[in-house]
Amino acid sequence: MPITRLAPSPTGALHLGNARTFLANWLLARQNRWRILLRIEDLDGPRVKKGADQQAIDDLCWLGIDWDQGPFYQSSRLPMYQAAIRRLIDSRHAYPCVCTRSEVNTAASAPHAEDGATIYPETCRGRFANPQQAATAAGREPAIRFLVPDGIVPFTDAFCGQQQFEPRRQLGDFVIAKADGTPAYQLAVVVDDAQMQVSHIVRADDLMDSTPRQILLYEALGLREQLPWHCHLPLVVGPDGRRLAKRHGDTRLASYRQQGVPAGRVLSLLARWCGISLAHEPKAASDLVGKFDLSAMSRQAIVFRDEEDRWLRGR
Ligand code: GLU
C-alpha cells in the first residue's frame, strides 16, 4: 500500500505555509488511499521547542487533518541512524570532518552554491582513516560528511517535472552527523522513509535540493528500489517574496485558533492556495476530499498578504 508521511519539525509553531503543505499532502493521500504516518522531526536539539510537538498535533486536528500511524519521534530512533552512519563510514561513502564552520566559510577556495550557501571545499576528504583518528588529530570530535560522487542525479518531480542536479558541484559533501553525534536531517529522513516504507513524499520546494542528496543516500545504503515518488509544491511567501516567517506577522495556526477564527475559514484560504474553488466554507479538511487536483495548483510561489490576515481575523 502507498504510504506518505506528515513530518513537522517542532522547532516552532505551524504557520499557514506549513498548513498548506500538510493539507495538500493529506488530500492527495485521502483521495488516492495512501496510508498516512505522522513523524515528529525533533532531532535539532537546540532549536526544538518544548510542547511544539503537541501543538502541531492539536493544530492538525483542529483542521481535521488526521493520520493512520504515529506519532513517531525521531529522537527515539537514534540507534537506527547511528547504524546507518557507521555503515556509510565503513563503506567509504562518508568521512570524518574536523573543519569548523568559520574554517569552511573562510577557505579561500570555497565556492558558493546558487543560494549563497557555502559548498564544502572537501578539506577533510581522504584525510583521516576513521573518526577516532580524526578526533585524536584535531582534539575535537569530528562531524561526518557524505562523500558526494561525481555525476548527475536526475529525478522526476510529480509537480515540477524533470529535475537534474550535479550534486558534487552544486551542493558539495554534506553533513550526515554533527560533531555532537546528532544525525542530520538528510540522513534521518532517508533512514526513516526507507524503514517506514514511505513511498510518496509531498513537501515544499525549498527542499527540492535535498532530494538529490537523499537519492544519493538511498543508493549508498543499498536502498535504490525504495526510492519514493516526490512532489514539491511552491512555497508560501510574504509580500517581499521571502519564505513565510515571523517577519510577515503572526500567521501561526494557534494564533488564529486562539482568536476564535473558525477552522473552516483558514481551510478556505488554504484550499484557494491549493487551487480548489469553493461555493461554501468547509467545516473540516474532509469536506475538501475529492476536490484537490495537483494540476490546478499555481506554479508560482503563493503570496500571503496582509489583507488575507485581516480577512481571516474578520477585521
Ligand atoms: N521536517 C521537515 C520540515 O518541517 C520536512 C521534511 C521532509 O518533508 O522531508 O521542513
Please work out if Ala56 is within 14 Å of the ligand (Cβ to nearest atom) and more than 30 Å from Gly181 (Cβ to Cβ).
no
The number of residues in region 214-226 that are in contact (Cβ under 8 Å) with a residue 24 or more places away in the chain and away from the ligand (no atom under 11 Å from the Cβ) is 8
Over region 256-286, the set of residues without any contact (Cβ under 8 Å) to a residue 12 or more places away in the chain and assigned to a helix (DSSP H, G or I) is Gln258, Arg272
Would you confirm whether or not region 231-239 contains a residue that is touching a residue at least 24 places away in the same chain (Cβ under 8 Å) and surrounded by fewer than 18 Cβ atoms within 10 Å (Cβ to Cβ)?
yes
Given the residues Arg140, Arg127, Arg87, Arg35, which is the only one that is farther than 30 Å from Gln259 by Cβ and exposed (fewer than 13 other Cβ atoms within 10 Å of the Cβ)?
Arg140
Sole exception among (1) touching a helix residue (DSSP H, G or I) at 6+ places or on another chain (Cβ under 9 Å); (2) assigned to a helix (DSSP H, G or I); (3) at pLDDT below 95 for Pro46, by number:
(1)
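Conditions tested, residue by residue: (1) closer than 19 Å to Phe159 by Cα; (2) at pLDDT below 95; (3) of a type in the set (D, E, K, R).
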position	(1), (2), (3)
Ala263	no, no, no
Arg272	yes, no, yes
Gly275	yes, no, no
Ala279	no, yes, no
Asp293	yes, no, yes
Arg299	yes, yes, yes
Trp311	no, no, no
Selected residue (only one of Arg168, Arg242 is buried (at least 17 other Cβ atoms within 10 Å of the Cβ), free of Cβ contacts under 8 Å to residues at least 40 places away in the same chain and farther than 24 Å from Leu38 by Cα):
Arg168
Gln162 is checked against (1) surrounded by fewer than 16 Cβ atoms within 10 Å (Cβ to Cβ); (2) at pLDDT 95 or above; (3) out of contact with any Phe, Trp or Tyr (no Cβ under 7 Å at 6 or more places or on another chain); (4) not in a strand (DSSP E or B) and fails just one. What number does that condition carry?
(4)
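The values are calculated or read from the model by the stated rules, or taken from the named source; none is laboratory data. Everything numeric in this text was worked out from a predicted model, so none of it was measured. Cβ coordinates were reconstructed from backbone atoms using ideal geometry, including for glycine residues, and neighbour counts include every protein chain displayed.
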